[in-house]
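To keep things clear, I will list the structure first and then write my remarks on it.
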Amino acid sequence: MLSEQTKEIVKQTVPVLEQYGNEITKVFYQRMFEAHPELLNIFNKSNQKQGKQQTALAQTVLAAAKHIDHLEAIVPNVNQIAHKHRALQVKEEHYPIVGEFLLKAIKEVLGDAATDDIMNAWEEAYGEIAGVFIQMEKAMYEAAAWDDFKSFKITNIEDQGTSMKSFEVEPVDNIKVPELVAGQYITVRIKPTNDDNLALRHYSIYSVKNDGKIRFAVKREGEGEKKGLVSHDLHDKYSIGDTIELSAPAGDFKVESDKDKKLLLLSSGAGVTPMFAMLEDEAYKGRNVHFVHVNEAEKDVPFKEEVDALNAMNENVEVTYHLKEKDGYLTSNELSNWINEDVDIYLCGGITFMDTIFDELEKLNIGQADVHFEPFGPKMSITNV
């Protein structure tokens, strides 16, 4: 239990964290990886290079400082991070390492401004915050369908549009695939070509058929220096019959709406994957669903044939393809035609897309708290807490 004095000191550091948070987290990762290069087998190098991970951590630390009196306010976001930690196999023994180098980074960046009182307060606060994560993740490890990473054989691969492939896999060992939930993801672990470390990536499940197989989709990310280490290898190096490693399904993004609510499933790019799973699942349950997918061109729309088939077979399904090459960007004017008090909004896509949609929704007096969402990237890099 933190003392009132400790809480007050931590809250007083909020302006400093707002100014220097990204610099602190940049130094933190640099120093931690220098001392513990084995952790590069867990952390996403691409997010590191793009600054997404640093921003997400800075936002998490800032949110914890703002709400140090009542950490329960950030539990929804902590829960999402905890799911990812479990999927990546972040363990309790990693937290003291993170704490050590976070405190060292604060001292290095702030210098003499980081007084003994401030450092002691943050050491106590970090222990409290880490405890919240550890307890949540302990329950998730206990509930996971299997421990660690297990081998799965690829049984089918199909092109979805021009930049995405869908993968169907089944367990090699005697593992029972659990009942899947639309919105969940799995985590793939491979050794990328020409890289010294293992790489782990989350990929959303696109179907929750309970037949002992797992189906997920992978978008080819970037080119040249910005190319996705894992996505390019999965597209170019892996074939039917090969094996890959997966950790158990994870995630808290799921349909939570009342049964009489209509769903607006709004996605862009690879964000279509969990939305297609939700569409398929909810359409068969008889719920009214409006599926809206934003893409550059019609030829690039993933799962178009399957979505169109669901649309044709189910009167309760409505489908809209917003194609930027002819329709431009999606604006509040168009969104307003689809939203009313009887509609719940579910949103998934890249961080730039999410930021844009949230800006447009704000014009309709709809905030983040009114939307169920999952970004393809660190959630805390866009979350307002």
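Averaging over all projection directions, find the projected area of the Cα convex hull of the range 249-382 and quote it in nm² with one decimal place. If you can, show how the numbers build up before the last one.
Numbers: hull surface 32.6 nm².
Orientation-averaged projected area of the Cα hull: 8.2 nm².
Just the ratio, please: alpha-carbon radius of gyration of the range 1-57 over 2.2 N^0.38 Å, N its number of residues. Working shown, then result.
Values: Rg = 14.4 Å, N = 57, 2.2 N^0.38 = 10.2 Å.
So the range 1-57 has a normalised radius of gyration of 1.40.
Please go through the range 218-295 and write out the GluC sites (Glu not before Pro) that DSSP classes as loop and that have at most 12 other C-beta atoms within 10 Å. Mind showing how you got there, number by number?
On the way: sites: E221, E223, E225, E245, E256, E280, E282; in loops: E221, E223, E256.
Qualifying residues, ordered by number: E223, E256.
F373's amide H: which non-local residues (gap 5+, or another chain) put their own amide H closer than 5 Å, with H modeled 1.01 Å from N in plane and none for Pro or chain starts?
For F373, the qualifying residues are L347.
Kirkwood hydrodynamic radius, the range 114-178, all distinct C-alpha pairs: what's the number in Å?
Working: mean 1/r = 0.0616 Å⁻¹.
So the Kirkwood estimate lands at 16.2 Å.
Spelling out what I want: for every residue of the range 231-246, take phi, set θ = phi - 60°, compute 6.51 cos²θ - 1.76 cosθ + 1.60 (Karplus), and round to whole Hz; glycine and proline get x.
Per-residue couplings from phi come out as 4, 5, 5, 4, 6, 9, 10, 10, 10, 4, x, 6, 10, 9, 9, 10 Hz.
If you fit an axis through the alpha-carbon atoms of helix 52-66 and take the longest principal axis of the Cα set of the chain, what angle between them do you get, 0 to 90°, nearest 10?
It works out to around 60 degrees.
Which value, in debye to the nearest 20, gives the size of the charge dipole of the chain about its Cα centre, when Lys and Arg are +1 and Asp and Glu are -1 at the Cβ? Mind dumping the intermediate values first?
Details: 41 positive and 65 negative charges, 146 e Å.
It comes to approximately 700 debye.
Tell me, what does the Kirkwood hydrodynamic radius of the range 141-189 come to in angstroms if you use every pair of distinct C-alpha atoms?
Details: mean 1/r = 0.0782 Å⁻¹.
When all Cα pairs of the range 141-189 are included, the Kirkwood radius is 12.8 Å.
In Å, what is the Rg of the alpha-carbon atoms in the chain, and how long is Dmax?
Answer for the chain, Rg first and Dmax second: 21.5, 67 Å.
Go ahead and estimate [θ] at 222 nm for the chain from helices alone: -39,500 (n - 2.57) per DSSP H run with n ≥ 4, summed, over the residue count, rounded to 500. Intermediate values should be presented prior to the final figure.
Details: 13 runs with 162 residues, N = 385.
The helix contribution divided over the chain gives -13000 deg cm²/dmol.
Let me see the pair-distance distribution of the range 4-143: every alpha carbon pair, 10 Å bin width, integer percents in order.
Cα pair-distance distribution for the range 4-143, in percent: 11, 43, 37, 8, 0.
Taking Cα atoms, how many degrees apart are the long axis of helix 95-110 and the longest axis of the chain, rounded to 10 and kept between 0 and 90?
Roughly 70 degrees, rounded to the nearest 10.
Taking the Cα centre of the range 150-250 as the origin, how large is its charge dipole in debye, to the nearest 20, when only Lys and Arg (+1) and Asp and Glu (-1) carry charge on their Cβ atoms?
On the way: 15 positive and 16 negative charges, 39 e Å.
Approximately 180 debye in magnitude.
Enumerate the calculated ³J(HN,Hα) couplings along the range 138-151 in order (Karplus 6.51 cos²θ - 1.76 cosθ + 1.60, θ = phi - 60°), each rounded to whole Hz, writing x wherever the residue is Gly or Pro.
Values, residue by residue: 4, 5, 5, 4, 5, 8, 4, 5, 8, 8, 6, 9, 10, 7 Hz.
Of K237/K324; K84/K254; K26/K153; K262/K363; K219/K254; K227/K299, which pairs sit farther than 26 Å apart, going by alpha carbon to alpha carbon?
On the way: K237/K324 31 Å; K84/K254 15 Å; K26/K153 38 Å; K262/K363 21 Å; K219/K254 21 Å; K227/K299 22 Å.
Over 26 Å apart, Cα to Cα: K237/K324; K26/K153.
Rounded to the nearest 0.05, what FRET efficiency is calculated for D148 and D355 with R0 set to 30 Å and r the Cβ-Cβ distance?
The pair D148/D355 has a calculated efficiency of 0.30.
Could you give the alpha-carbon Rg of the range 150-250 over 2.2 N^0.38 Å, rounded to two decimals? Working shown, then result.
Numbers: Rg = 13.1 Å, N = 101, 2.2 N^0.38 = 12.7 Å.
Computed over Cα atoms of the range 150-250, the ratio equals 1.03.
Averaging the inverse of every distinct alpha carbon separation and then flipping it gives the Kirkwood radius. What is it for the range 223-280, in angstrom units? Show your work: numbers first, answer last.
On the way: mean 1/r = 0.0668 Å⁻¹.
One over the average 1/r among Cα pairs gives 15.0 Å for the range 223-280.
Enumerate the calculated ³J(HN,Hα) couplings along the range 342-347 in order (Karplus 6.51 cos²θ - 1.76 cosθ + 1.60, θ = phi - 60°), each rounded to whole Hz, writing x wherever the residue is Gly or Pro.
9, 10, 9, 9, 10, 9
Relative to the longest principal axis of the chain, what angle (0 to 90°, nearest 10) does the C-alpha long axis of helix 272-284 take?
50 degrees
Read-outs: derived from the displayed coordinates by stated rules, not from any lab. Please read these numbers as outputs of a predicted model, since none were measured by experiment. So basically every Cβ, Gly included, is an ideal-geometry build from the backbone, and we count neighbours across all protein chains shown.
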